[in-house]
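Accompanying notes for the structure given below.
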Amino acid sequence: MKVDYHKRKLPHIQIENMPNFITFRTHKSIDPYIKKISASDLNVKSKQYAIDTYLDNSSLGAYFFDEAVDVMGEVLLAEDGLAYDLHSFSIMPNHIHIIFQAKDDLARIMQKIKGRSARVLNKKLGMYGTFWAKEYYDKVIRDEVQYKKSVEYVLNNPVRAGLKDAEKRIYDNTGFSL
């Protein structure tokens, strides 16, 4: 087991041969309400659910529409088989959910994904500066029940949020039929 302590409240944990569920957000989506939830006494799972629910209905930092969805999907697929084995993802307007099994250091993987996508998307969207929030949420998926629940959450998130192009926003390589 590798525990990666990066000046944050909780460590990033990576366990060999175990998939990770990762969520990361655009920099502009983090507002005072998100910061308030993050600082609350809720447990990590409850905080994450509250933040995701809020972001699903927020237009702050929402850049993933039309071609930007395709670009982000291409970035995520580019490292599949190299840095990680990609199981599933969903691209929400202002945040991304991914499930993968890491083949490299988790921090290095996230640096690649966020760095490459920020460069491409800033250029494509005519923006500059910080694209992604610094932190990301991750959890190790430890058993099949948790795996199935996590995959269902990721793949159904765009539908639950009422996104008309929900099908375009997901990738599923799990073999589950939801």
- [ ] Can you spot the aspartates and glutamates whose alpha carbon is less than 15 Å from LYS35's alpha carbon? Ignore those fewer than 8 places along the same chain.
- [x] ASP52, GLU135
Open item on the list: Can you report the principal axis dimensions of region 48-139 using only the alpha carbons, biggest first, rounded to whole angstrom?
Closed with: 34, 32, 22
Open item on the list: Can you tell me which lysines have their Cα less than 25 Å from the Cα of LYS124? Leave out same-chain residues fewer than eight positions away.
Closed with: LYS28, LYS112, LYS114, LYS134, LYS164, LYS168
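What is the sum of charges, Lys and Arg at +1 and Asp and Glu at -1, for the other residues whose Cβ falls under 15 Å from the Cβ of SER58? Walk me through the numbers before you get to the answer.
Numbers: positive: ARG25, LYS28, LYS35, LYS36, ARG160; negative: ASP31, ASP52, ASP56.
Cβ neighbours under 15 Å give a net charge of +2.
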Task: Accessible surface of region 77-178 [probe 1.4 Å, protein heavy atoms]: carbon and sulfur percent - done: 50
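Percent of accessible area on region 24-75 owned by carbon and sulfur, 1.4 Å probe?
Carbon and sulfur: 54 percent of the exposed surface of region 24-75.
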Task: Contact order relative to length of region 32-178, as percent, for alpha carbon pairs under 8 angstrom and 6 or more apart - done: 26
Open item on the list: Give the separation of the Cα centroids, region 20-37 to region 88-124, in Å.
Closed with: 14
- [ ] Could you give the DSSP H helices of the chain that reach 20 angstrom or more along their long axis (alpha carbon positions) and whose average Kyte-Doolittle hydropathy is no lower than -0.5?
- [x] 106-125
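The values are calculated or read from the model by the stated rules, or taken from the named source; none is laboratory data. Please read these numbers as outputs of a predicted model, since none were measured by experiment. Counting neighbours? That spans all protein chains shown, and the Cβs are built from the backbone with ideal geometry, glycine included. Surface areas here come from the heavy atoms of the whole protein model, side chains and all, with no ligands, DNA or RNA. Shrake-Rupley method; radii C 1.70, N 1.55, O 1.52, S 1.80 Å.
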